[in-house]
Every structure is written in structure tokens, then in C-alpha cells.
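Since the structure comes first, as C-alpha cells, the remarks are kept for the end.
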Amino acid sequence: MVTKTVVALPGQGIGPEVVDATCELLLCAGLPLKILTLPQGNPLPEETKRAAREADGVLFGAAGPSTSHVVSWLRWEMSAWAGVRPIRFYAGMRSPLADPEGIDYILLRENSEGIYPGRESDLADLVKVLPDLSDRTGRMVKDYGTEGRFAVKVVTPKGAERIARFAVDLARKRKAQGKPGKITCVTKSNVMPRTDGLYQETVERIVPEAGGLQFEHFHVDDAARRLVRFPQSMDVVLCMNLYGDILSDLGAETAGGLGLAPSGNFGDGWAYFESVHGSAPDIAGQGIANPTATIRSAALMLERMGMGAEAQRLDAAVGRVYRDGKTLTPDQGGRAKTREMAQAVLAAYQDPGSAGRSRGNGRPPVELGGHPQGTPGQP
């Protein structure tokens with residue numbers, strides 16, 4: 001296979017810990033990768049931007065206050081408008097639900113519009129230009145006075161249509177894999193009929209045109225309840241930006257926690273991959289962060305780079321480690337360190353028949369830190 005180039009951006013907090021463990025795993029697994037770890041100063045250096053744009057894959061760790069500019073560039077400046085967030089339960093994960101078996105769906109988040117990334121100003125500015133803008137009760141903006149602030153929510157036909165078509169493609173692929181082939185649209189159109197209503201109307205037009213897919217719509221408060229009560233009924237859950245941000249955290253918890261939740265963010269000719277979790281400063285530096293989300297994000301990255309079989313094998317290895325239950329981090333009830341859990345995933349990847357013993361050919365598995373390709377980050 002042709003060697004692929006990956007740019008790894010650790011972020012902060014637990015980001016460097018989970019990214020380093022994941023990159024070592026990928027190299028020890030013998031995958032044809034060249035992994036570069038580049039500067040992520042503020043502002044993000046041009047050399048880093050150029051390398052990321054030219055790379056075959058980009059893996060980001062975790063964002064915190066000092067690295068929010070990195071996410072801003074990766075997602076919004078590069079227009080990664082589709083956020084793919086898989087929610088999947090593996091036996092052995094510490095789900096709070098009585099029966100989490102069978103949770104396996106994609107939460108698809110429209111990344112570029114809605115209330116994010118934050119278009120805000122003083123209320124006085126809005127009163128100057130739109131004093132008579134009113135809500136459904138007839139109350140006008142000027143009635144609030146000039147003390148306070150406001151935020152703008154943006155929804156366009158173009159943005160709603162492209163994410164709807166992305167959802168259709170995703171649902172079709174999953175249906176071909178034996179999944180239901182269903183799209184669940186989430187809005188709050190009963191309160192915001194102009195913005196959320198436009199989004200809902202667009203999705204309701206696009207999905208039937210595709211044919212062969214099921215469709216349903218729920219308001220976000222009802223959808224939140226259903227993700228807890230009936231998570232196994234979900235397949236592709238299509239959300240507006242803010243709702244997707246919130247519901248993906250909720251969904252991750254039903255499976256077992258944020259440490260398990262991967263994501264891929266896609267635009268026109270651009271993609272990057274990151275854990276859904278943040279920088280977790282309370283445990284940073286202790287070496288106990290769960291690497292699952294980053295490892296599974298790397299699997300999504302491998303799939304996009306044309307290594308679908310390797311991606312499935314890596315996901316399956318993660319599942320075997322959870323079923324084995326012997327090498328889990330504290331958030332999942334174990335005592336393993338970050339690198340120890342990544343080592344267990346590597347062993348399971350090297351020997352698909354076992355999560356914890358030597359390879360079937362009698363040779364010992366390669367251990368993290370012992371790969372022949374050199375330390376991740378070296379060019």
C-alpha cells in the first residue's frame with residue numbers, strides 16, 4: 001500500500017496523551033503511515049495549515065482554552081460542515097442504561113450554520129437596525145431596551161440541503177450493511193418555524209426524493225428523551241448545530257461515556273478527525289485518560305484514506321478489549337493506564353482471535369514504543 005501522511009495535532013490536557021498512544025498504536029500495527037506532529041501555536045502556524053491541507057488525514061486530540069483556535073481553523077475556517085459522531089455500545093462498556101445492547105447509530109451534526117460559531121453583539125446594536133422585529137407574541141426587539149446582548153441563528157437552503165444529502169448517502173451505506181436505513185431529523189420547528197422550519201422542510205423534501213429510506217422528525221426535547229428511552233431504534237440522527245452538539249454528548253453517555261465517542265468532520269475535499277470529549281484538565285498528566293474515542297476517530301480516518309478493512313479491524317479490536325474487560329481505564333471500571341489500554345487494542349488488532357494473548361503465529365506482539373518506524377512526530 002502507498003504510504004499515507006497523517007498530521008497529528010494533540011491539542012491540550014489529555015489530548016497529547018491519547019493522540020500519542022493512538023499514533024504509536026497505528027505505527028506498531030504496521031500501517032503504511034507517516035505521522036507528523038506539528039506546532040499548534042496561536043495563531044496556528046502557516047506551515048501547520050499547509051501540511052494539514054496536503055495530508056491524507058488529520059487527527060486532533062482535545063481542545064481547551066489555549067487550543068480553541070486550532071478547532072476554529074479545522075472546523076469553521078476550513079468549512080468542515082458535516083460532523084459524523086458514531087454512538088455505539090460494546091459489551092463491557094459502563095452504560096448507565098439497563099439494556100444498552102444494540103445501540104449503534106450515527107449522530108450527524110450540521111457544523112457550519114445555526115447558532116454556532118457565535119455571532120453575538122450588544123442588544124443596542126440590534127435595536128438600531130431592527131427595532132420592530134417581533135416574536136410570535138408581538139413583542140418587539142426595542143421593547144427589551146438596549147441593555148443586554150443577542151445572538152444570531154443562520155439557516156440557509158444550501159446548508160440544509162447539503163447536510164440532508166450527506167445524511168442520505170450515510171443512511172444508504174448503513175442500509176447496505178444491514179442497518180435500518182432511517183433518517184431521524186431533529187429541530188425545534190414548533191418554536192422557530194422560520195429557521196428550524198426551513199431546515200426541516202428541506203430535509204423532508206430531500207429524503208423522499210432519494211427513495212428507499214425511512215424518515216421521521218422529532219423536536220429536540222422529544223428527541224433527547226427518545227435517545228435515552230429508545231436508542232436502539234436510531235440509525236442516522238440528523239441534527240442542527242447546537243442540538244447535535246448537545247445530543248451527541250447525551251448519546252455518548254448512554255453507551256458508556258464521552259471517553260468512547262469518536263467523530264469525523266467533513267467538508268468539500270477536506271476532513272479531520274477528533275474525539276468528542278474535551279481536554280479533561282482534572283485528569284490531564286495522570287496517564288489514565290481513555291484512548292477509545294481517539295482510537296475510533298483514527299479508524300474513521302483510516303476509512304476515509306481508503307483503508308476500510310484496517311478501520312474495521314481496529315474497531316473490532318476495540319470491541320474485543322471491552323469484552324475481555326481486563327485492560328480498561330478507570331472511567332470504565334478498570335485500572336489500566338492510557339498506553340496500557342492502547343497496547344491491549346494493538347494486541348487484539350495483531351491477533352483478531354484474542355484481546356490478551358500472543359499472536360497465533362507464535363511471535364510476540366509488537367509493543368507500544370517498540371515500533372521500527374520511529375517515534376510518532378518524526379518526519
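The values are calculated or read from the model by the stated rules, or taken from the named source; none is laboratory data. This structure is a prediction, so every number in the text was calculated from the model and none was measured. Cβ placement follows ideal geometry from the backbone for every residue including glycine, while neighbour counts extend to all protein chains displayed. Surface accessibility is based on the protein's heavy atoms, side chains included, excluding ligands, DNA and RNA. Shrake-Rupley method; radii C 1.70, N 1.55, O 1.52, S 1.80 Å.
The residues of the stretch 81-129 that are farther than 23 Å from THR156 by Cα and among the aromatic types (Phe, Trp, Tyr), listed by number, are PHE89, TYR90, TYR105.
When the residues of the stretch 93-109 are narrowed to those that are of a type in the set (A, V, I, L, M, F, W, C) and part of a loop (DSSP other than H, G, I, E, B), which ends up nearest to LYS173 (Cα to Cα)? So that I can check it myself, show each step before the final result.
First, the residues of the stretch 93-109 that are of a type in the set (A, V, I, L, M, F, W, C): 93, 97-98, 103, 106-108.
Pick out the ones that are also part of a loop (DSSP other than H, G, I, E, B) and you get 93, 97-98, 103.
Working: MET93: 26, LEU97: 28, ALA98: 30, ILE103: 18 Å.
This residue is ILE103.
Suppose the filter is in a loop (DSSP other than H, G, I, E, B) and not aromatic (Phe, Trp, Tyr); does ILE288 pass it? Lay out the reasoning, then the answer.
Details: in a loop (DSSP other than H, G, I, E, B): yes; not aromatic (Phe, Trp, Tyr): yes.
Yes; evaluated as a whole, the condition is true for this residue.
Among the residues of the stretch 236-265, just one is surrounded by fewer than 20 Cβ atoms within 10 Å (Cβ to Cβ) and either among the basic types (Lys, Arg) or touching a strand residue (DSSP E or B) at 6+ places or on another chain (Cβ under 6 Å) (or both), namely LEU242. Going through the stretch 31-66 one residue at a time, which ones are in contact (Cβ under 8 Å) with a residue 40 or more places away in the chain, within 27 Å of GLU340 (Cα to Cα) and part of a loop (DSSP other than H, G, I, E, B)? LEU31, ALA63, GLY64 - these are the residues of the stretch 31-66 that are in contact (Cβ under 8 Å) with a residue 40 or more places away in the chain, within 27 Å of GLU340 (Cα to Cα) and part of a loop (DSSP other than H, G, I, E, B).
Of the strands (runs of 3 or more DSSP E) contained entirely in the stretch 180-281, those carrying at least 2 residues that are touching a residue at least 40 places away in the same chain (Cβ under 8 Å), among the small types (Gly, Ala, Ser) and under 22 Å from LEU300 (Cβ atoms) fall at 262-266, 271-275.
Going through the stretch 292-309 one residue at a time, which ones are open to solvent by less than 40 Å² (accessible area, probe 1.4 Å) and either in a helix (DSSP H, G or I) or within 15 Å of ALA348 (Cα to Cα) (or both)?
Restricting attention to the stretch 292-309, the residues satisfying the condition of being open to solvent by less than 40 Å² (accessible area, probe 1.4 Å) are 292-302, 305, 307-308.
Within the stretch 292-309, THR292, ALA293, THR294, ILE295, ARG296, SER297, ALA298, ALA299, LEU300, MET301, LEU302, GLY308 qualify.
Identify, please: which residue in the stretch 203-227 is open to solvent by 40 Å² or more (accessible area, probe 1.4 Å) and touching a Gly at 6+ places or on another chain (Cβ under 9 Å) and is, among those, farthest from ILE103 (Cα to Cα)? So that I can check it myself, show each step before the final result.
Within the stretch 203-227, the subset open to solvent by 40 Å² or more (accessible area, probe 1.4 Å) is 204-205, 208-209, 212, 214-217, 219, 221-222, 225-226.
Applying the additional criterion that residues be touching a Gly at 6+ places or on another chain (Cβ under 9 Å) yields 212, 214.
Working: GLY212: 23, GLN214: 18 Å.
Among those that are open to solvent by 40 Å² or more (accessible area, probe 1.4 Å) and touching a Gly at 6+ places or on another chain (Cβ under 9 Å), it is GLY212.
Of the residues in the stretch 79-98, at least one is within 19 Å of the chain's Cα centre (by Cα), open to solvent by 40 Å² or more (accessible area, probe 1.4 Å), modelled with pLDDT of 95 or more and over 28 Å from ARG320 (Cα atoms).
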